[in-house]
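Below you'll find the structure, written out as structure tokens, and then a few comments.
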Amino acid sequence: MSAAPDHTPTFARLSLADRLSLSAPYLLVPALVAIGFLVIGAPSSWLTLTVSGLAMGMMIFIMASGLTLVFGLMDIINFGHGAFISLGAFMGVSVLFWLSSWTGAPSLVLNVAAVLLAILAAMVFTGAIGWAFERVIVRPVYGSHLKQILITVGGLIVLEQAIHVVWGAEEIYLNRPEALRGSITFGNSALERYRILAVVIGLAIFVAMRLVLRRTKIGLIVRAGVQNGEMVEALGYRLKLVFIGVFIAGSALAGLGGVMWALYEQVITAGMGESMMILIFIVVIIGGLGSIEGAFIGAILVGLLQNYVAFLEPKVALISNIGLMTAILLWRPQGMMPVVKAK
Amino acid sequence: MSEPILALDGVVTDIGQYHILKGVSFEVPRGQVTMLLGRNGVGKTTTLRTIMGLWPARAGRILLDGEDIARAPVSNRAGQGVGFVPEDMGIFSDLTVEENMILAARSGPLDGARRDWLFAAFPPLRTFWRSEAGNLSGGQKQMLSIARAMAEERRLYLIDEPTKGLAPAIVSTMVGALRELKAQGASILMVEQNFSVARALGDRVVVMDDGVVVWTGTMAELAADTARQERLMGLSVEAH
């Protein structure tokens, strides 16, 4: 066989500025935390707000992760995603009410078991609804963003009205299970137990998603499909099945996020998912379309900023995340770590 | 003569409002390299993409080992052993070289002996095995694209302009690797604009013009007839 040319090409050594630019998104979180510490002053308030921001960020990440994958892999703008959050919350809360003897018992095992069952039921339910939603609503409008927006908004309205029919139009209040109520004291800071649990679950979901995407063949197919779906098919993989799987997984994650948000807010309404969609879209856009890592960092930034600003200047909190999105898009118009380019 | 590995029979392909293939018919013999030649824009790439299923054939039959695959999904055609190297290389730039190869080995883990053979054919793949494919040079990306098609034994290889835009030294590497593949008895249908490369590899030739096949024959026949080359493909003696 003829040998390749006798050369051993190497990559150029990146300058410090280039390396900083590459890792800049990862540095934004510690930078924001440090700025928060300097501006807030009181370490106990700062720690409480930081944990609260991280918890909020993790829950937003869980809700946004499915949407960014669907966006990236399938080029689908799904405004109906918010309905999956609401449906997950209602199904999860129904299970928690049904298991009220477990949630009311002073037993960590029973409390956690009830929450896990609620999460499982919500994920199975929203995954199944997601499967039907993809078949009936999304499949006819592949390739047309305008039609996707119109029909998925219609699907959102239908699902919200279905919630009214099944669970009633009134908001439903709930109490967290016994073991997840109250706070633990760390120094002078009061850290809510539930928020710590939310951080742990969010991190676990992020690590699990990274492992699946980076270490498994199905993850490879998804990552490759985000970049060049045609070539994935040409290599022999049925991308449509992967699409459906990702849509179901994204819907199930929205359901999980819905249960967690319900336990966080302790009140649920049919419109709760819809009202979260602005934050979720901000996270998907600033993270970069199709990027799980970008959504993770974006969600943490949104959660931290919202909590810090709400403490320092409550009136500004409403626009802080829009400001964050504007700043990041001025810096990186495609978002922090885009996997697919915005069209 | 044995049954051809691939036969096209009156294949018609439209892209939007344009009629690109207007009834393409030819055969690809088993175990040989068939060069698909012609001027720019005559439908060569569309022919490969139609065989692969990336453009739907509006009419006609595409017979792979006698089975009509003209309506089969893209993934089924790949699953039946058709390997494809697209003109734009189709590299997954955010994945590493290794991950690109893992994906290409559809039926299981990448065979060690085959990987070593590919490393010998394309040494930069070993050097940059764990690097993101997007960081490779154009020639290295083309090597990866071809190596990906070779990651498993295929019944038929469809290769679209493997030497396009490459430096002469890299072209010789490509030709060497493709000769090795040919020596193993592979059936290949290749689009190639560089006639000296086509002559070095091709056994048979199919020439297209304006969406139809205008000449088929052996490479020896075409190589010996410069007037025919000029007439069919606009080639001149000076060009090669």
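Scanning the stretch B:77-93 for residues being at the interface with chain A (Cβ under 8 Å from one of its Cβ atoms), without any contact (Cβ under 8 Å) to a residue 40 or more places away in the chain and either over 16 Å from the mean Cα position of the chain (by Cα) or closer than 14 Å to A:N228 by Cα (or both) gives a total of 1. Figure legend. Inter-residue proximity from the stretch B:99-125: first residues facing chain A (nearest Cβ under 9 Å), second residues hydroxyl-bearing (S, T, Y), beta-carbon distance below 6 Å, spacing 6+ or different chains. No pairs are indicated. From the list B:A121, B:A147, B:A183, the lone residue that is surrounded by fewer than 19 Cβ atoms within 10 Å (Cβ to Cβ), over 12 Å from the mean Cα position of the chain (by Cα) and of a type in the set (A, V, I, L, M) is B:A183.
Looking only at the stretch A:208-253, residues that are over 19 Å from B:A149 (Cβ atoms), charged (D, E, K, R) and crowded, with 21+ Cβ neighbours inside 10 Å come to 1 in all. Only a single criterion out of (1) among the basic types (K, R); (2) closer than 27 Å to B:F195 by Cα; (3) at pLDDT 95 or above is not satisfied by B:R61, namely (2). Considering only residues of the stretch B:163-180 that are more than 9 Å from chain A (Cβ to nearest Cβ) and more than 13 Å from the chain's Cα centre (by Cα), which is farthest from B:A105 (Cα to Cα)? Across the stretch B:163-180, the extreme among qualifying residues is B:P168. Looking across A:A64, A:A55, A:A89, one residue alone is in a helix (DSSP H, G or I), modelled with pLDDT of 90 or more and over 15 Å from A:Y264 (Cα atoms). It is A:A64.
Residues are listed down the side, and each one gets a yes or a no for (1) part of a loop (DSSP other than H, G, I, E, B); (2) touching a Leu at 6+ places or on another chain (Cβ under 9 Å); (3) modelled with pLDDT of 90 or more; (4) surrounded by fewer than 23 Cβ atoms within 10 Å (Cβ to Cβ):
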{"position": "B:R106", "(1), (2), (3), (4)": "yes, yes, no, yes"}
{"position": "B:D116", "(1), (2), (3), (4)": "no, no, yes, yes"}
{"position": "B:M143", "(1), (2), (3), (4)": "no, yes, yes, no"}
{"position": "B:L178", "(1), (2), (3), (4)": "no, yes, yes, no"}
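State yes or no: is B:D160 of a type in the set (D, E) and within 14 Å of chain A (Cβ to nearest Cβ)? Taking the combined requirement at face value, the residue satisfies it. Only residues that are in contact (Cβ under 8 Å) with a residue 40 or more places away in the chain and either closer than 22 Å to B:A224 by Cβ or not hydrophobic (A, V, I, L, M, F, W, C) (or both) were counted across the stretch B:163-187, and they come to 7. Would a scan of the stretch A:273-291 turn up a residue that is surrounded by 22 or more Cβ atoms within 10 Å (Cβ to Cβ), of a type in the set (S, T, Y) and either without any contact (Cβ under 8 Å) to a residue 24 or more places away in the chain or closer than 29 Å to A:L174 by Cβ (or both)? Within the stretch A:273-291, not a single residue is surrounded by 22 or more Cβ atoms within 10 Å (Cβ to Cβ), of a type in the set (S, T, Y) and either without any contact (Cβ under 8 Å) to a residue 24 or more places away in the chain or closer than 29 Å to A:L174 by Cβ (or both). Any idea which residue in the stretch A:196-230 is nearest to B:R106 (Cα to Cα), counting only those that are within 14 Å of another protein chain (Cβ to nearest Cβ) and in contact with a Phe, Trp or Tyr (Cβ under 7 Å, 6 or more places away or on another chain)? Ranking the candidates gives A:I221 first. Is there a residue in the stretch B:215-224 that is part of a helix (DSSP H, G or I) and within 25 Å of B:V97 (Cα to Cα)? No; the residues of the stretch B:215-224 include none that is part of a helix (DSSP H, G or I) and within 25 Å of B:V97 (Cα to Cα). Name the single residue, out of those in the stretch A:67-79 being at pLDDT below 90 and not in a helix (DSSP H, G or I), that is surrounded by the most Cβ atoms within 10 Å (Cβ to Cβ). Here the residue is A:I76.
Taken over the stretch A:309-340, the criterion of being under 20 Å from the mean Cα position of the chain (by Cα) and either within 14 Å of another protein chain (Cβ to nearest Cβ) or surrounded by 17 or more Cβ atoms within 10 Å (Cβ to Cβ) (or both) is satisfied by A:S320, A:N321, A:L324, A:M325, A:I328, A:Q334, A:G335, A:M336, A:M337, A:P338, A:V339, A:V340. Filtering the stretch B:134-141 for residues that are within 20 Å of A:V226 (Cβ to Cβ), surrounded by fewer than 16 Cβ atoms within 10 Å (Cβ to Cβ) and within 11 Å of another protein chain (Cβ to nearest Cβ) leaves a non-empty set. Among the conditions (1) within 14 Å of chain B (Cβ to nearest Cβ); (2) closer than 22 Å to A:T126 by Cα, the only one that A:G236 does not satisfy is (2).
Looking for whichever is buried (at least 18 other Cβ atoms within 10 Å of the Cβ) and at negative phi here; the options are B:K22, B:K44. Which one fits?
Going through B:K22, B:K44 in turn, the sole match is B:K44.
The values are calculated or read from the model by the stated rules, or taken from the named source; none is laboratory data. All values derive from a computational prediction rather than experimental measurement. Please note: Cβ atoms are built from the backbone with ideal geometry, for glycine as well, and neighbour counts cover all protein chains shown.
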